[in-house]
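Here's the structure we're looking at; comments come further down.
The values are calculated or read from the model by the stated rules, or taken from the named source; none is laboratory data. Values in this document were obtained by computation on a predicted structure and should not be read as measured data. No Cβ is skipped: glycine too gets one built from the backbone with ideal geometry, and neighbour counts run over all protein chains shown.
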Amino acid sequence: MQETKSPSPLVKPTSPFRYGIGMFGTSIPINMFKSFAAIFYVDSLGLTMKHYSFVIFLYTFVDAIDNPVYGFLSDNTRTRWGRRRPWLVIGTPLLVLFFILFYNVPEFVQSDQNRLFWYMLITYILTGTLDSLMNASYGALFPELFKDDRDRAKTNAIRQTFQLLAMVISIALTPVITSAIGYSLTSIIYGVVALAVVLFCAFGCHEDPKNYTDAPRPHLIRSIIDLVRNPKFWIFGIAGACYSAAFSLISQAVPFYVKYTLGLDSTMTTVMLGVVLFAAVIGIACWSFVIKKVPVMKVWRAGFVIMAVAFIPLYFVTSFVPAVCIACVVGVGVAACLITMDCIGAKIMDDDYARHGVKREGTISSLVGVMNRLNGLYTSLAFYVASSAYGFVSGDEPGDNPAAAAKMLLCVFPAVAMIIAAVFSCFLHFREPQTENAAQAEGAGAEVDSHG
């Protein structure tokens with residue numbers, strides 16, 4: 001087994017706050033981008049739901065290719081500024097540019113269905129791939145900067161709190177903000193904030209050159225083969241992809257659910273999404289206490305089960321108050337997943353280094369990202385089935401039963417995804433490191449046995 005190198009005393013420790021706040025910057029644009037793409041292009045601009053479904057479907061394959069490439073490039077970068085920082089500094093301004101273009105559709109494009117489809121396809125792919133570029137390096141910094149479970153748990157709680165704060169703004173408050181100033185100006189404001197925050201984070205992260213200067217460079221194909229042969233990667237990846245699919249459908253389907261199932265205006269979308277995220281914020285505080293006494297793996301599995309169970313009664317609800325109550329339960333499940341997911345991902349990376357002796361956090365992070373982003377296939381399928389089964393074409397042609405279409409998007413498909421995630425999570429296990437006292441006790445026992 002490879003020994004973990006101690007950090008160089010000459011390298012300034014990275015503040016958990018400074019790293020954690022980066023999650024706010026990475027989350028603000030991408031949450032608005034993915035949560036409101038459907039309602040903006042389909043319901044507002046009149047793009048057909050099947051066209052939208054095809055864009056998501058096609059991008060999923062693009063994302064499956066670009067993620068490992070970005071992780072590989074990050075792992076093999078050698079500069080005086082580190083391996084990860086240059087990619088954050090390069091990728092963030094480009095991401096912000098195409099994110100703003102995505103929500104600033106020229107008039108001549110809006111007037112033609114084909115032009116609108118191609119404009120969305122191109123800007124969606126470019127925005128999404130640049131998000132992958134940025135997050136491959138940001139995610140790889142986590143296990144590299146914070147080595148033990150205590151520091152990781154503390155740092156992850158901070159960054160997930162920032163992520164939820166970003167979600168409150170970019171998901172829950174966005175309907176209110178866009179109704180006041182429009183999608184165009186909202187995207188500009190979010191983009192500028194994201195750029196400032198991510199750069200503040202990047203320039204405060206201090207990588208230790210000992211981790212990569214003399215270390216062997218990882219090879220892309222070898223890394224992929226090693227991970228493909230690792231059953232832990234597949235179990236974690238599939239469970240994570242199912243969770244990502246369910247969460248993606250929550251943020252995209254709630255506007256349809258509120259409008260067509262509950263019969264309310266868009267301001268109630270803010271309330272319902274806000275409830276989910278507020279419950280998740282409270283849940284993180286509660287789960288942070290629980291996780292001190294209960295293993296991370298059990299909390300992770302509990303989150304999947306809670307979400308799976310909560311989606312079932314939501315299907316039968318037709319009024320706002322019970323829907324909000326059930327949304328609180330969903331938020332508690334989301335919190336359990338958020339606070340544990342990255343810690344388990346870090347265990348996957350530690351396990352890989354122990355097996356192979358190669359530092360390749362970026363490649364692993366990006367390949368896990370590929371698995372998570374395969375949720376696009378599931379999301380695409382959900383929109384396609386809802387459109388085909390209930391005749392929902394667009395906001396101009398919602399079909400005869402748009403309420404049932406919305407419930408299928410928000411309740412049926414997420415529930416199935418979380419059931420699958422819960423089942424897969426039961427098969428993931430790690431050997432917990434022995435404490436020094438336990439190791440001594442075991443050694444003493446062995447000595448007694450040898451003399452017995």
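Please determine whether any residue of segment 254-276 is among the β-branched types (Val, Ile, Thr), in a loop (DSSP other than H, G, I, E, B), surrounded by fewer than 22 Cβ atoms within 10 Å (Cβ to Cβ) and touching a helix residue (DSSP H, G or I) at 6+ places or on another chain (Cβ under 6 Å). Looking through segment 254-276, none of the residues is among the β-branched types (Val, Ile, Thr), in a loop (DSSP other than H, G, I, E, B), surrounded by fewer than 22 Cβ atoms within 10 Å (Cβ to Cβ) and touching a helix residue (DSSP H, G or I) at 6+ places or on another chain (Cβ under 6 Å). Contact annotation: residue pairs with Cβ atoms under 6 Å, 6 or more positions apart or on different chains, pairing a residue in segment 407-430 that is buried (at least 19 other Cβ atoms within 10 Å of the Cβ) with a partner that is modelled with pLDDT under 95 and not in a helix (DSSP H, G or I), are LYS407/TYR315; CYS411/TYR315. Could you say whether any residue in segment 113-133 is in contact with a Phe, Trp or Tyr (Cβ under 8 Å, 6 or more places away or on another chain), under 21 Å from LYS359 (Cα atoms), hydroxyl-bearing (Ser, Thr, Tyr) and outside any loop (DSSP other than H, G, I, E, B)? The answer is yes, given that some residue of segment 113-133 is in contact with a Phe, Trp or Tyr (Cβ under 8 Å, 6 or more places away or on another chain), under 21 Å from LYS359 (Cα atoms), hydroxyl-bearing (Ser, Thr, Tyr) and outside any loop (DSSP other than H, G, I, E, B).
Does SER244 count as at pLDDT 85 or above, part of a helix (DSSP H, G or I) and surrounded by fewer than 20 Cβ atoms within 10 Å (Cβ to Cβ)? Judged against the criteria, SER244 is not a match.
Being farther than 22 Å from LEU73 by Cβ and of a type in the set (Phe, Trp, Tyr) is the filter here; which residues of segment 95-151 pass it? Listed by number, the residues that qualify are PHE102, TYR103, PHE108, PHE117, TRP118, TYR119, TYR124, PHE146.
For segment 101-138, filtered to residues that are hydrophobic (A, V, I, L, M, F, W, C) and under 30 Å from TRP81 (Cβ atoms), the residue that is modelled with the lowest pLDDT is ALA136.
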